[in-house]
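Data first, discussion second: the structure below is written as structure tokens.
Readers should treat all values here as calculations from the given coordinates under stated rules, not as data from a laboratory. Computed from a predicted model, the values in this text were never measured in an experiment. Here Cβ is always computed from backbone atoms with ideal geometry, including for glycine, and neighbour counts include all displayed protein chains.
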Amino acid sequence: GRPSVRDAIATWARDNRVALRTHVVTDVEALLSARSSGESVVPATIALISGTGSIAWGRDATGREARAGGWGSLLGDEGSGYALVVSALRAITRAADEAVPLPAYAASLLEELGVVDLPELPAKLARMSRHEIARLATPLCTRFAENEVAVLLDDVAVQLARLVICVARKLQLSEDDYELVLGGGVLNGVLSLQQQLLVQLAAADLRPHSTRCLTDVAGEAARLAVTLAGMNP
């Protein structure tokens, strides 16, 4: 998270006496703190989120951290749910321009958006938040197995793998050196994407030692708060 945003949230929490002490972290940092129990855990963890945005963040045994992605939609949130839906909609508009059949998912996706006539699409999207658009990614992927969606998912898997690979290389990790923690609606909601992601990482000789999906980010944040307060979880 940007320091200016963290400072603003911390100031609000302090002014409103939310707690005696405050420590502002991002959702990916909360996931990064969610280590597996047991003594066999590998020393490094990489957290990967694909939801409204996309980001990978890693920490090794020495406490060194590295990140990749998280630049926002203007600079690139490739691999995010938002980017996936926008790519699907662009495929629809390209097909309309070229007067070829629309992708098989077009009717359902436009119905989800409440768009009856395609020319209404730009105005509809302008009234929606990035989060609202990103929420369409999971139903898009789970309802359709056509080639059009498969191609979109292939690209998402490549982009997400790139983020993990960037972090792993910055931390000088090798295959089986790290645990991969997955978060966000897209990664948690689409099993085939998880599988494709692991295929991409294996092709780069950077398959993780283990992989976990975490949906309770709020719970992980609470456990992190307990840890930061110097208490036993």
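Whether a residue is part of a helix (DSSP H, G or I), among the small types (Gly, Ala, Ser) and either under 25 Å from the mean Cα position of the chain (by Cα) or surrounded by 14 or more Cβ atoms within 10 Å (Cβ to Cβ) (or both) was assessed, and residue 123 does not pass this test.
So, in the range 102-120, of the ones that are in contact with an Asp or Glu (Cβ under 8 Å, 6 or more places away or on another chain) and buried (at least 18 other Cβ atoms within 10 Å of the Cβ), which residue ends up farthest from residue 191 (Cα to Cα)?
Initially, the range 102-120 is screened for residues in contact with an Asp or Glu (Cβ under 8 Å, 6 or more places away or on another chain), giving 103-105.
When the remaining residues are screened for being buried (at least 18 other Cβ atoms within 10 Å of the Cβ), the result is 103, 105.
Details: 103: 22, 105: 19 Å.
Among those that are in contact with an Asp or Glu (Cβ under 8 Å, 6 or more places away or on another chain) and buried (at least 18 other Cβ atoms within 10 Å of the Cβ), it is 103.
The residues of the range 128-171 that are outside any helix (DSSP H, G or I) and without any contact (Cβ under 8 Å) to a residue 40 or more places away in the chain, listed by number, are 128, 129, 145.
Give me the residue from the range 163-180 that is crowded, with 18+ Cβ neighbours inside 10 Å and in contact with a helix residue (DSSP H, G or I) (Cβ under 9 Å, 6 or more places away or on another chain) and, out of that set, farthest from residue 206 (Cα to Cα). Within the range 163-180, the match that is farthest from residue 206 (Cα to Cα) is 180. Of all residue pairs spaced 6 or more apart or on separate chains, those with beta-carbon atoms under 9 Å, a first member in the range 72-83 that is closer than 15 Å to residue 183 by Cβ and a second member that is among the polar types (S, T, N, Q) and part of a helix (DSSP H, G or I) are 79/159; 80/159; 81/138.
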